[in-house]
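As structure tokens, the structure follows; a few thoughts come after it.
The values are calculated or read from the model by the stated rules, or taken from the named source; none is laboratory data. Keep in mind that this is a model prediction, so the values were computed, not measured. Cβ placement follows ideal geometry from the backbone for every residue including glycine, while neighbour counts extend to all protein chains displayed.
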Amino acid sequence: MDTRLYTTIYRVLNIATFVIVLLFICNTNISSFSAGYITKTVTVTNSIGSIQANYPIDATFDTTTEIIAGRMKSNCGDIRVYGSDFATPLTFAFLNCNTTFTSVVFVIPSIPVGTSTYYITFGDNTLNTTATPLTVFDKYEMFTATPTCTLSGSAVWDSVNNWLQLTPSTAVTNAGYCNYAGYIPGVAPNRGYKVWFDTFTGTVGTATGGQAIWQYAFDNTPTPTTEDAAGLGGAHFNIDEFNARFCYNGAGAGCAGTATFATTNANIANGIWRSMKATYSQTTKELYENSTLRVSTTLGTAPTLTNTNFGFGGRTTASRAREHRMRNFALIKYNELVTLAISSNARPIDTISLTLRNSTDTANFTNLCDFGDLSIISVGSCQYRIKYSTTARNGYSIQVRTSGPLISESNNVANATAGTGGSGGTNIVANTEGYGVIITPGSCTNGTNVLATAFNPLPGNAVLFNYVSPTTVLSCDGPNIPANTDTTNTILVDQRAAISGNTLGGIYTQTVTWTVVPNY
């Protein structure tokens, strides 16, 4: 809640002069925010040099902690993603809910060059998911239905457990593939991509190790017979239990290569599912296991980016047989020149402000509003704007509270009547005592400003301006983020006063408090 308080002082000297003195006091009360919506900010930097259309962003963060703390539903169904205006919903999906490495992937219709900010919210357990993975990912297979890849060799689909068994554990030479023929990931010319998949290497088998399971791209054959990319023209990310390591190899390099390409892991064949994420660009190749970076390299022979085979393979030999499985596959385009930073802490969003400005929104309103010499032949008018900014997704209301009527000792200026929703109110005219306000609501940047009935009179009339408890003046159903000089998305206040020959002299005062109340 953001509040501005001021005191209006009218001096009536020989029924002639009115002066308004205003005192501004700002108080932002964060505790008034609803805890129902928690927000993470995602700052995206586009260094490509051109606007990127329909670009997917992978924001990875810990949802387990949020779920345990009761701030997120256990199925992540309350996650939502919003554009830089914190109002426009963005298409999104998520992977690996209730882990320390949940990926929330959302599509930005147009990423500007430079830096822009987006918002992930959660915390409302009444919401159900609106995630649409089929529209977010270039490829998406949870293997709940017949795979869209071509299975060959020993590969079979397990329709009960929703996985692919690429090789069984029988002691024979096997090779199985899930190949997306004719598919080249990413966007020309760089063809960068990011891929998620789960792998499983069984404990049951022969000898001390099997062979490997791998994800491949740009291969020249739909049945790559080896995890090593030599002769296949492609790029391979390997989970290789024979060599006991994770590795990347481009055309011509093997998983037994240098440590720059690989990270040793002797526990690959442990019968446990692991979540893998790989990123490929012409510069850097990275492989993550359960969010831990296992491989990062700039080395490797460049693949032939026009080769049109993409998929997954598994291999065993008669002397080294292990079961290899994969599941939960998703893929997006990727460019390492689009980077992001996600806030480490989730919190109620607190971007809220309220300022009193002059009528043209070119400067802050001064502390003196002088009607000059007010006589029975004129009407005094004091105009200023209420400029308020809030990213509250469900809008806000503007409230007013006064100390009472415009009063001098026991004498008060006659009040205008309240509006009645497009009618009512009082026309403040010369030589007739009266005091009231005309509110011109303007617009809000995302939604519609609606005047409360009492502040919506017959056009041209002023309304009652005497409320000793907070009273809603108007409301909007969306955020408001006005521009630097903005006479559209701000409220014009016009306080009007007139005197008659019977108005008693004196100093007339009234204290007014304006408040913006966000609705999260």
**Item:** Given (1) assigned to a strand (DSSP E or B); (2) in contact (Cβ under 8 Å) with a residue 40 or more places away in the chain; (3) touching a Ser or Thr at 6+ places or on another chain (Cβ under 8 Å), index of the condition Ala430 fails
**Value:** (1)
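Listed here are the residues, each with its yes/no results for (1) at pLDDT below 90; (2) on the phi > 0 side of the Ramachandran plot.
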position: Thr298; (1), (2): yes, no
position: Arg322; (1), (2): yes, no
position: Leu340; (1), (2): yes, no
position: Ser344; (1), (2): yes, no
position: Thr360; (1), (2): no, no
position: Gly372; (1), (2): yes, yes
position: Gly380; (1), (2): yes, no
position: Tyr384; (1), (2): no, no
**Message:** Is it the case, given these coordinates, that Ala414 is within 16 Å of Asn502 (Cβ to Cβ) and small (Gly, Ala, Ser)?
**Reply:** yes
**Request:** Could you please tell me which pairs satisfy a Cβ distance under 8 Å, a separation of 6+ or placement on different chains, a first residue in the stretch 344-358 that is in a strand (DSSP E or B), and a second residue that is of a type in the set (Ser, Thr, Tyr) and modelled with pLDDT under 65?
**Result:** Ile352/Thr28; Ser353/Thr28; Leu354/Thr3; Leu356/Tyr6
**Message:** Can you tell me which residue is nearest to Gly314 (Cα to Cα) among those in the stretch 123-174 that are of a type in the set (A, V, I, L, M, F, W, C) and touching a Leu at 6+ places or on another chain (Cβ under 8 Å)?
**Reply:** Ala155
**Prompt:** Right, Cys255: out of contact with any Ser or Thr (no Cβ under 6 Å at 6 or more places or on another chain) and assigned to a loop (DSSP other than H, G, I, E, B) or not?
**Reply:** yes
**Prompt:** modelled with pLDDT under 90 and aliphatic (A, V, I, L, M): does that describe Ile352?
**Reply:** yes
**Message:** Tally up the residues in the stretch 482-508 that are surrounded by fewer than 18 Cβ atoms within 10 Å (Cβ to Cβ) and β-branched (Val, Ile, Thr), please.
**Reply:** 4
**Asked** Which number in (1) assigned to a loop (DSSP other than H, G, I, E, B); (2) modelled with pLDDT under 90; (3) in the same structural domain as Met276 (by TED's automatic domain parsing) marks the one condition that Thr203 misses?
**Response** (1)
**Which numbered condition Glu141 misses (of (1) without any contact (Cβ under 8 Å) to a residue 12 or more places away in the chain; (2) surrounded by 16 or more Cβ atoms within 10 Å (Cβ to Cβ))** = (1)
**Complete:** Taking the stretch 315-343 and the residues there that are among the hydroxyl-bearing types (Ser, Thr, Tyr) and assigned to a strand (DSSP E or B), the one that is nearest to the chain's Cα centre (by Cα) would be Thr339
**Message:** Given the condition surrounded by fewer than 17 Cβ atoms within 10 Å (Cβ to Cβ), aromatic (Phe, Trp, Tyr), touching a residue at least 40 places away in the same chain (Cβ under 8 Å) and in contact with a strand residue (DSSP E or B) (Cβ under 6 Å, 6 or more places away or on another chain), answer yes or no: does some residue in the stretch 175-190 qualify?
**Reply:** yes
**Complete:** Val463 fails exactly one of (1) of a type in the set (Val, Ile, Thr); (2) surrounded by fewer than 20 Cβ atoms within 10 Å (Cβ to Cβ); (3) modelled with pLDDT of 90 or more, namely (2)
**Request:** Check Val473 against each of (1) out of contact with any helix residue (DSSP H, G or I) (no Cβ under 6 Å at 6 or more places or on another chain); (2) assigned to a strand (DSSP E or B); (3) at pLDDT 90 or above and name the one condition it does not meet.
**Result:** (1)
**Request:** Check the stretch 498-518 and report whether any residue there is modelled with pLDDT of 90 or more, in contact with a strand residue (DSSP E or B) (Cβ under 7 Å, 6 or more places away or on another chain) and not in a strand (DSSP E or B).
**Result:** no
**Asked** Can you name the condition, by its number, that Ser443 falls short on among (1) polar (S, T, N, Q); (2) out of contact with any Phe, Trp or Tyr (no Cβ under 7 Å at 6 or more places or on another chain); (3) farther than 22 Å from Arg357 by Cβ?
**Response** (3)
**Message:** With the structure loaded, tell me whether Tyr435 is farther than 20 Å from Ser389 by Cβ, of a type outside the set (Gly, Ala, Ser) and not in a loop (DSSP other than H, G, I, E, B) or whether it fails that test.
**Reply:** yes
**Message:** Take Ser47 and tell me if it is touching a Cys at 6+ places or on another chain (Cβ under 9 Å), at pLDDT 55 or above and surrounded by fewer than 19 Cβ atoms within 10 Å (Cβ to Cβ).
**Reply:** no
